[in-house]
Amino acid sequence: MSRTFAAQAASTSPAPLDAPVERGFLSLRQFSAERLERVLDLAAQMKRDRVMGPCAPTATALAGRHVAMLFDKPSLRTRTTFEVAIRELGGAPIMLPAEVALGEREPVADVARNLERWVHAVVIRTFAQRIIEDFAAAAPRLAVINALTDEEHPCQALADLLTMREQLGPMTGQTIAYVGDGNNVAASLVQGAVMLGATVHLASPPGYALPAPVVADASRLARFGARVRLFTDPHEAVAGVRAIYTDVWTSMGQESEAAHRRHVFAPYQVNRDLMTAAGPAVRFMHCLPAHRGDEVTSDVFESEASLVFDQAENRLHTQKALLLHLLLFATTWRVLRHVERHGAPELLWLAKGLRVGLVLFLLFSVFADFWLGELFAVVVALPLALANVTASRPAPAAAVAAPLRPEAAR
């Protein structure tokens, strides 16, 4: 039995050139479909460029930038890949101690306002989505990245989408299935997949499906006829899909429910029979850690159909692209907008031209076989030099209340 949430196809026209660039990454819902595709294209290019090591054009892109990591939940993949990503971009990662728990030692807003004075971005892995939203609201100049909350896991979804593009081809018109608990991983996966034009089948026991508001919200994001369909029968859900995704039956904080959940979810195990029901070319996906014998059998997990370690690897590349997008391109965009509004008249057209050039760079550089490091220098250094020239001139009255300070151009 299934329920279908159909969505109207959204416009595929690109965002206007003066559209604001949001400061952080709390949810995939913050991204337009075009922006999501640009970040994935950027990740694919950075994955190819990684063989260049310290000679890669982005090896010093975040030089002088500090990124703090604040984790209220344990992590292997998230912590390792973010720390490596920051270092490979030339930045400095700062792992804050566990005792700096958000909202316990001091209010969330106070932690945010302190860090805003010292670092350029904060990667947060915590419990309620409200915590990270309050943190971001208290520090508007800080790039805040959601590395996992109870409601969403957007960084995992970026890696999943890149993996599917690599292994399945373009997402438009594809159908994938998620079998298991309607949790944070499912929520972000659905949001991203339908934005790229893929239909998602969600199979969960009654009472454990993805919440209806989340499904309805994802359906509004869908393009190219993509749909979200809810099932209670996992075999019906996987028929004809290209990939089957699952996650643990008991997430962090639900340990007291483990025995009950194991009984309820037993019919939703991804095993050889379920893979066969999907078809011979189906692939298996899992965000890890996996509990072999529970949500997936060992033979499926270790089979050639399994993409789990490709997903894990792609956490690194997508997070490098995300950091570069938020800390480098977004900063450049804001500086150029400031110069246009408050700079000398003779700088106006130069700033406009550089902004158009930045857009073209984002659109076309990802298709090149290699990047021109000098172009990075022009795209970033020249706008900052323009900002310094602007700062030395008297600001118009409208700008006096909020002058551009060096620390604001992060």
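Couple of notes before you dig in:
- Among the conditions (1) assigned to a helix (DSSP H, G or I); (2) at pLDDT 95 or above, the only one that Leu328 does not satisfy is (2).
- Residues that are out of contact with any strand residue (DSSP E or B) (no Cβ under 9 Å at 6 or more places or on another chain), part of a helix (DSSP H, G or I) and not charged (D, E, K, R), drawn from the stretch 266-304: Ala266, Pro267, Thr276, Ala277
- In the stretch 198-206, the condition of being within 19 Å of Gln311 (Cα to Cα) and hydrophobic (A, V, I, L, M, F, W, C) is met by at least one residue.
- Of all residues in the stretch 75-101, those satisfying the criterion of being touching a residue at least 60 places away in the same chain (Cβ under 8 Å), part of a helix (DSSP H, G or I) and touching a strand residue (DSSP E or B) at 6+ places or on another chain (Cβ under 6 Å) are Thr78, Phe82, Ile86.
- In the stretch 36-61, the residues that are at positive phi reach residues that are outside any helix (DSSP H, G or I) and buried (at least 17 other Cβ atoms within 10 Å of the Cβ) with C-beta atoms within less than 8 angstrom, at least six apart or across chains, in these pairs: Gly53/Ala59.
- Residue match in the stretch 178-197 (condition: part of a helix (DSSP H, G or I) and in contact with a Gly (Cβ under 7 Å, 6 or more places away or on another chain)): no
- Test: residue in the stretch 225-234 that is within 20 Å of Met275 (Cα to Cα), assigned to a loop (DSSP other than H, G, I, E, B), among the acidic types (Asp, Glu) and in contact with an Asp or Glu (Cβ under 7 Å, 6 or more places away or on another chain): no
- Within the stretch 134-148, being surrounded by fewer than 24 Cβ atoms within 10 Å (Cβ to Cβ) and of a type outside the set (A, V, I, L, M) holds for Asp134, Pro140, Arg141.
- Matching residues, the stretch 3-56, being in contact with a strand residue (DSSP E or B) (Cβ under 6 Å, 6 or more places away or on another chain), under 21 Å from Arg223 (Cβ atoms) and modelled with pLDDT under 95: Arg3, Thr4, Phe5, Ala6
- Residue, farthest from Gln45 (Cα to Cα), within the stretch 272-328, restricted to residues that are in contact with an Asp or Glu (Cβ under 8 Å, 6 or more places away or on another chain) and surrounded by fewer than 19 Cβ atoms within 10 Å (Cβ to Cβ): Arg272
- Top-ranked residue in the stretch 114-127 [being out of contact with any Asp or Glu (no Cβ under 6 Å at 6 or more places or on another chain) and farther than 13 Å from Met69 by Cβ; ranked as surrounded by the most Cβ atoms within 10 Å (Cβ to Cβ)]: Glu116
- Screening the candidates Thr172, Thr199 for the property of being of a type in the set (S, T, N, Q), touching a residue at least 12 places away in the same chain (Cβ under 8 Å), within 18 Å of Arg35 (Cα to Cα) and assigned by TED's automatic domain parsing to the domain that holds Phe284 yields one hit, Thr172.
- Extreme residue, surrounded by the fewest Cβ atoms within 10 Å (Cβ to Cβ), among residues of the stretch 154-210 that are touching a helix residue (DSSP H, G or I) at 6+ places or on another chain (Cβ under 9 Å) and β-branched (Val, Ile, Thr): Thr199
- Selection over the stretch 242-260 of residues that are touching a Leu at 6+ places or on another chain (Cβ under 9 Å) and outside any loop (DSSP other than H, G, I, E, B) gives a count of 3.
- Of all the residues in the stretch 95-113, those that are more than 18 Å from Lys73 (Cβ to Cβ) and surrounded by 14 or more Cβ atoms within 10 Å (Cβ to Cβ) number 3.
- Residue in the stretch 348-363 that is modelled with pLDDT of 95 or more, of a type in the set (Lys, Arg) and outside the structural domain of Glu34 (by TED's automatic domain parsing) present: no
The values are calculated or read from the model by the stated rules, or taken from the named source; none is laboratory data. Nothing here was measured: the structure is a model prediction, and the numbers come from that model. Please note: Cβ atoms are built from the backbone with ideal geometry, for glycine as well, and neighbour counts cover all protein chains shown.
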